[in-house]
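Reading through the structure tokens given below for one structure.
The values are calculated or read from the model by the stated rules, or taken from the named source; none is laboratory data. The shown structure was predicted, so the numbers you read here are calculated from the model rather than taken from an experiment. As a convention, Cβ positions derive from the backbone with ideal geometry for all residues, glycine included, and neighbour counts pool all protein chains shown.
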Amino acid sequence: MVQIIDTLNTDTNIRMNTNDANGKLIFAELSYTLTGICYDVHNRHGRYAREKQYCDSLEEKLKELSIPYKREHTKEESGNRVDFLIDDKIILEVKAKRFLLKEDYYQLQRYLQSCDKKLGLLVNFRNRYLKPKRIVRIDTSAKSKFA
């Protein structure tokens, strides 16, 4: 097993460092747990439920696992309303639409900027196969594009 991992780490075509901060993912354990919860909800409801149904099930699971969260959290200054703020660390944005658009990524980036959080998960439950997207806050001059 170790030999396989070493091989993967040396192959530049496989290795990606986009969310890698000194060899570690941002909030790895919590984000893996949230991804598992999302898969569970997707398996339960399928791909044609409404966003509110997915959010209700996510909330139920978060309560079951005693993970602290805020639902429909509003930032007073900006008026932005995030679907979930998990453990005051990760923003979870839920979608139930055919395609994620560039605006959806921009929206989550704005939420990350205004709430001053490092990591957001963008999850589109309408996909046949669930693919949660990890979005990291941009800390450069390019962030003015999302304001």
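Here's the yes/no breakdown for (1) small (Gly, Ala, Ser); (2) in contact with a Ser or Thr (Cβ under 9 Å, 6 or more places away or on another chain); (3) within 21 Å of Tyr129 (Cβ to Cβ); (4) modelled with pLDDT of 95 or more:
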{"residue": "Lys24", "(1), (2), (3), (4)": "no, no, no, no"}
{"residue": "Asp40", "(1), (2), (3), (4)": "no, yes, yes, yes"}
{"residue": "Arg47", "(1), (2), (3), (4)": "no, no, yes, no"}
{"residue": "Tyr54", "(1), (2), (3), (4)": "no, no, yes, yes"}
{"residue": "Glu60", "(1), (2), (3), (4)": "no, no, no, yes"}
{"residue": "Tyr69", "(1), (2), (3), (4)": "no, no, no, yes"}
Residue check for Tyr129: of a type in the set (Phe, Trp, Tyr) and within 15 Å of Ile37 (Cα to Cα): yes
Examine the stretch 90-102 for a residue that is among the charged types (D, E, K, R), touching a residue at least 12 places away in the same chain (Cβ under 8 Å) and part of a loop (DSSP other than H, G, I, E, B), and state whether such a residue exists. yes
When the residues of the stretch 49-73 are narrowed to those that are touching a residue at least 60 places away in the same chain (Cβ under 8 Å) and part of a helix (DSSP H, G or I), which ends up surrounded by the most Cβ atoms within 10 Å (Cβ to Cβ)? Tyr54
Here are some residues: Leu108, Leu112, Leu85. Which one is in a strand (DSSP E or B) and surrounded by 19 or more Cβ atoms within 10 Å (Cβ to Cβ)? Leu85
Of everything in the stretch 1-22 that's among the aliphatic types (A, V, I, L, M) and not in a helix (DSSP H, G or I), which residue is modelled with the highest pLDDT? Ala21
